[in-house]
Amino acid sequence: MVMKTFNNIWVAIEKGMKPPRAYSWQTMLLLSLFSALMSWLATNLTSEFISSWGWIFLIIGVSWIAKENSWTFGPWLIGGLVCLFIFGDLTDDLEAVGWIVWPPLSALIACSSSFFDKKFNFRSPPGAERQKIVILVGSQLVISCWIQFFFITQGWLGNYPTIVADNFQGSAFLTRFNLPGETLPRGLIILDLIEAELNKRFTGKSWTEVQEWLSEPGKAERLQATIAEVQRNLPPSPENDLWKIEQNQPAFQSEDSLVFRIVWEGPRSEPEQYYIERTCEISPILPSADLDEEISEEISEEISEDLSETIVAKYVDCEETTIKGWDRE
């Protein structure tokens, strides 16, 4: 039963693909299949040369059968094959340019019969067809513009990922979909790197040395050097230039507290300034929990000062984070 079904399918394919004459669309499609096989067996430039002829035979064959059977979607099928051949097989740039060119190219193919007679002599389109040509070409150009806009916005989101974290509810043509979980501004990564860099600079230092590092004079310069080092080590992205890192010390904050504010200067949906602010607390690590309790409860200030030379500097603890903008308060 299975063999009989397979045999019937094969007979139907053979009957449909058998050329009734040498010059026919079946011949073009068979030549295309033969070229594809030879291209697979060949190598380097020979393979590319044979593959190009395979595409040409395929386009001619499909154009022929579409015209013979009056396929409504024929021009778009032919245009798609031409774009695959030019922008996919030859230039490997199908993803953007090929999709953009496809609609207007298909419209030109659909209108081409109005400019030529049966003997392929050029003629002016009849008056009744001119309006249809304008509407068809214009509509495909609009579609092409929207496709191009899609690729432009995808490029923006790739180069400036923080834009994804913004609110698109007020946009007339953009919407958010297929985004798992909450998208956070990339500035949080920069603040994490600042915390890691401070920890790196304080590693192995005594608490006295850290207090000297945090005191004037020279504190502002040391913090700026730390920020500059973080900016040099940021993962490459065009977005990096749109983040401005500020370090302001409020009057009510102690020297052991550092406040970093990173301001987003890129495109945003609201006129207000977007920023992320994080407070980092720096404190000593005592030799043990028992000693910590003993010092905090019993040791006088003089003993504490003596021990400060041996107490190891603490990691930076940056837990308090404020996000202003990106639809967050």
**Prompt:** Any residue at all in region 215-225 that is farther than 16 Å from residue 282 by Cβ and within 22 Å of the chain's Cα centre (by Cα)?
**Reply:** no
**Prompt:** Residue check, residue 135 against (1) closer than 26 Å to residue 52 by Cβ; (2) part of a helix (DSSP H, G or I), all met but one. Which one?
**Reply:** (1)
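Residue by residue, here is whether (1) at negative phi; (2) touching a residue at least 60 places away in the same chain (Cβ under 8 Å); (3) more than 17 Å from the chain's Cα centre (by Cα); (4) outside any helix (DSSP H, G or I) holds:
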| position | (1), (2), (3), (4) |
| --- | --- |
| 174 | yes, no, no, yes |
| 190 | yes, yes, yes, no |
| 194 | yes, yes, yes, no |
| 199 | yes, yes, yes, no |
| 212 | yes, no, yes, no |
**So residue 66, is it farther than 25 Å from residue 149 by Cβ and crowded, with 19+ Cβ neighbours inside 10 Å** = yes
**Message:** Return the residues of region 215-236 that are in contact (Cβ under 8 Å) with a residue 24 or more places away in the chain and among the aliphatic types (A, V, I, L, M); say none if nothing qualifies.
**Reply:** 220, 223, 227, 230, 234
**Message:** Can you find, within region 19-47, the residue that is nearest to the chain's Cα centre (by Cα) among those that are surrounded by 14 or more Cβ atoms within 10 Å (Cβ to Cβ) and more than 28 Å from residue 67 (Cβ to Cβ)?
**Reply:** 47
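Okay, residues lined up against (1) surrounded by 15 or more Cβ atoms within 10 Å (Cβ to Cβ); (2) touching an Asp or Glu at 6+ places or on another chain (Cβ under 6 Å); (3) not aliphatic (A, V, I, L, M):
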site	(1), (2), (3)
88	yes, no, yes
120	no, no, yes
128	no, no, no
133	yes, no, no
152	no, no, no
**Prompt:** Has region 150-160 got any residue that is over 30 Å from residue 275 (Cβ atoms) and either at pLDDT 80 or above or in a loop (DSSP other than H, G, I, E, B) (or both)?
**Reply:** yes
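Is it fair to say residue 109 is of a type outside the set (Lys, Arg) and in contact with a helix residue (DSSP H, G or I) (Cβ under 6 Å, 6 or more places away or on another chain)?
So residue 109 fits the description; yes.
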**Request:** Being among the small types (Gly, Ala, Ser) and at pLDDT 85 or above narrows it down to one of 96, 107, 22, 42, so name that one.
**Result:** 107
**Request:** Could you please tell me which pairs satisfy a Cβ distance under 6 Å, a separation of 6+ or placement on different chains, a first residue in region 77-88 that is at pLDDT 90 or above, and a second residue that is in a helix (DSSP H, G or I) and of a type in the set (S, T, N, Q)?
**Result:** 78/63; 79/106
**Request:** Determine if region 154-162 includes at least one residue that is within 29 Å of residue 239 (Cα to Cα) and aromatic (Phe, Trp, Tyr).
**Result:** yes
**Restricting region 193-203 to residues that are touching a strand residue (DSSP E or B) at 6+ places or on another chain (Cβ under 8 Å) and not aromatic (Phe, Trp, Tyr), the residue that is surrounded by the fewest Cβ atoms within 10 Å (Cβ to Cβ)** = 199
**Prompt:** Tally time: how many residues in region 234-262 are modelled with pLDDT under 80 and either assigned to a strand (DSSP E or B) or surrounded by 12 or more Cβ atoms within 10 Å (Cβ to Cβ) (or both)?
**Reply:** 4
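The values are calculated or read from the model by the stated rules, or taken from the named source; none is laboratory data. Keep in mind that what you see is a predicted model, and the values were worked out from it rather than measured. With ideal geometry, Cβ positions are generated from the backbone for all residues, glycine too; neighbour counts draw on all protein chains shown.
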